[in-house]
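Single-structure report; data block below.
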Protein chains: 2
Amino acid sequence: MRLTTFTDYCLRALIFVALKGDEAATIDEIAEHHKINRNHLVKVVFRLGQLGYLNTSRGKGGGIRLAHDPAKLNLGKLIRQTEGEFALVECFQERDCLCVIEPACVLKSALRAALAAFFEVLDRYTLADLVKPSRNLARLLAVPG
Amino acid sequence: MRLTTFTDYCLRALIFVALKGDEAATIDEIAEHHKINRNHLVKVVFRLGQLGYLNTSRGKGGGIRLAHDPAKLNLGKLIRQTEGEFALVECFQERDCLCVIEPACVLKSALRAALAAFFEVLDRYTLADLVKPSRNLARLLAVPG
């Protein structure tokens, strides 16, 4: 079980941009510091812009900034959005399920309950929590802390 | 985020064998009823044997049976075993982590807490719970309920 690389990169990009504060970040900078492929990162930043988490602007003084206070960016909500369908097992995708026992399956409800508990924990965190030890983090990313 | 196909098939195989009760199941039968590739299923049954969940015997009267009472087969424990490493994100694998912020990252502990909550729920279920509505299940799998 793992989160998609896309979610992983979304989280890393947001952490980097949050640490920069008012100063704009650039794709090259995030790619370099996080050792992430630049093309992947372009998609990540575009999607985070669509979802309303990042503002991007071109030109002098432009770059990438958080659209809102990091204390308002909920981790559970974000991961639900970046993961898309949470198909823990085939039958979570209502359509096209080939599992013959699906109509009577208790496993499905057990997994649903487990997933709800997973998100209940993540819902308690915001982006602000993730960048709290910001001096250490800033040093590791070589951004002004 | 999804469980591996391997875990999914392990669960389906165990449900089928549990429903058969004292009567032995065969790989062909499980493959046919669950519409699972036979070769995948051979690996699944072998691993479940190694883990002590299934007994298999050859010859007349042979086949696949549960090694223990289904009420003693814990779902959380099983899934931890069949999933192997729970590398939700790259940094969960202690070795070879390339993430530069790993030493100061709060995200990692948030994800670990969420995963613990996920398993706390699954730890409350046994295989016996999964086959409780056994008349419906048995009908769907066309085994004697």
For this session: Pick out the one residue from A:40, A:34 that is modelled with pLDDT under 90 and either within 23 Å of residue A:84 (Cβ to Cβ) or among the basic types (Lys, Arg) (or both).
Result: A:34
Problem set entry | One residue from B:84, B:59, B:63, B:76 being among the small types (Gly, Ala, Ser) and modelled with pLDDT of 95 or more | B:76
Exercise. Which ones in region A:114-145 are in a helix (DSSP H, G or I), open to solvent by 40 Å² or more (accessible area, probe 1.4 Å) and modelled with pLDDT of 90 or more?
Worked result: A:116, A:120
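The values are calculated or read from the model by the stated rules, or taken from the named source; none is laboratory data. All of these numbers come straight from a predicted model, not from anything done at the bench. Cβ: placed from backbone, ideal geometry, glycine included. Neighbour counts: every protein chain shown. In case anyone asks, the SASA skips ligands and DNA or RNA and just uses the protein heavy atoms, side chains included. Shrake-Rupley method; radii C 1.70, N 1.55, O 1.52, S 1.80 Å.
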